[in-house]
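Written out below as structure tokens is the structure these notes cover.
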Ligand SMILES: [Zn+2]
Ligand SMILES: [Zn+2]
């Protein structure tokens, strides 16, 4: 056992608990904190995103809110410092400069330590990767939504646009900054959506075809090279099926409502017998309308297999056969489409 009193500090000569310098002299010899003279903060003047090393990140924080954290990042502590604390006072000098005073305290080898340093914050502006692409009209993907041998319906137009916007929101929130929509246009042919990345293009066409049916094809085009990598611009062409869900069509001598469309097969609900079945698309004779656009018609009477309804346009009373799927009372409304001068009951 060594007697503690036998050990002395070689610098000040006072008793030391260590095998060498006492704690007091150890602290004086240790650079326990260093401060950078300046820190540069890069932000995008258009969207406010901030750049760290080479990565842009979206932020909603204001300059006054970020400044203390940026100033604190200038201080670097020795690993043995405990209870480190930094109080920050910020003075804005100009639009591009702030001066921060850091009052730094801590405990090193049991001794309290403190220091003050001044850090200049440089607020640097730089257009971010995303704004750069948007202003430069740069794009990687183009989604074209078209319908097979007909115009896009307003419902398909709206649904496709809503799907695209929702996917953009999700990808932006997850940090995929370049997955943005730079342009969306309703054209004579359909809907065109211009995109910043290919990933968002694939997500959008998959979601549109999942919801509205149809298929998509991919058409890449080489547009150049960057850092030895070939750059492609991809057009995703969505072809919505000729028949849409809820279309009411004539097949043979009956009417049917379209429930689902694959490439050439159509599942229909037979409005005559009230059952679903699958048919070839080419057995469909013609389109009557879409059940979404059906008109309400008042039921005036009900007998065991027929009902009387008032034609909503002519107000004439029309007698119709009651299909097995319909359950209605006199005084209620049914939904009808028009096939020339006939009324067609729909669900
Ligand atoms: Zn000493
Ligand atoms: Zn930006």
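Bear in mind these aren't lab numbers, they're just calculated from the coordinates by the rules spelled out. In this text, all values refer to a predicted model and were calculated from it rather than measured experimentally. Neighbour counts are summed over all protein chains in view; Cβ atoms, including those assigned to glycine, are modelled from backbone coordinates with ideal geometry.
How far is helix 154-173 tilted off the main Cα axis of the chain, in degrees rounded to 10, range 0 to 90? It is inclined by approximately 10 degrees. The ellipsoid equivalent to the alpha-carbon distribution of the range 166-223 has semi-axes of 19, 15, 13 angstrom, derived from the gyration tensor eigenvalues as √(5λ) and listed largest first.
Straightening the chain between residue 116 and residue 265 buys 45.9 nm, computed as 0.36 nm per residue apart minus the Cα-Cα spacing. Here the peptides 68-75, 243-250 are ranked by packing, the mean other Cβ count within 10 Å, and the order with the highest first is 243-250, 68-75. Across all directions, the average projected area of the convex hull around the alpha carbons of the chain is 34.6 nm². A Förster radius of 51 Å, combined with the Cβ-Cβ distance separating residue 29 from residue 192, puts the computed FRET efficiency at roughly 0.15. What angle do you read, to the nearest 10 degrees and between 0 and 90, between the alpha-carbon axis of helix 198-212 and the longest principal axis of the chain? The two axes meet at around 30 degrees. Distance from the Cα centre of the range 183-226 to that of the range 12-64, in angstrom? Using only Cα atoms to place each centre, the spacing works out to 47 Å. Residue exposure proxy: 129, 65, ordered by other Cβ atoms within 10 angstrom of their Cβ from fewest to most, comes out as 65, 129. Modelled spin-label separation between residue 301 and residue 225, with each label point placed 7 Å from Cα along the Cα-to-Cβ direction: 8.5 nm. Rounded to 0.05, the FRET efficiency of the residue 174 and residue 335 pair, given R0 = 56 Å and the Cβ-Cβ distance, is 0.85. Taking a spot 7 Å from the Cα of residue 18 along the direction of its beta carbon, which residues of the range 67-89 have an amide N less than 18 Å from it? Under 18 Å, as judged by backbone N against the label point of residue 18, lie 77-83 of the range 67-89. Among 236, 301, 109, the order by Cβ neighbours within 10 angstrom, fewest to most, reads 301, 109, 236. With respect to the chain, whose longest principal axis is taken over its alpha-carbon atoms, helix 63-72 is tilted by about 40°. For the range 31-125, a/c is not less than 1.5, where a ≥ b ≥ c are the root eigenvalues of the C-alpha gyration tensor, and a/b tops b/c. That puts it in the prolate class.
A helix-only calculation puts the chain at -5500 deg cm²/dmol for mean residue ellipticity at 222 nm, using -39500 (n - 2.57) for each DSSP H run of at least four residues, averaged over all residues.
Put a dot 7 Å past the Cα of residue 184, heading toward its Cβ, do the same for residue 199, and the two dots end up 2.0 nm apart.
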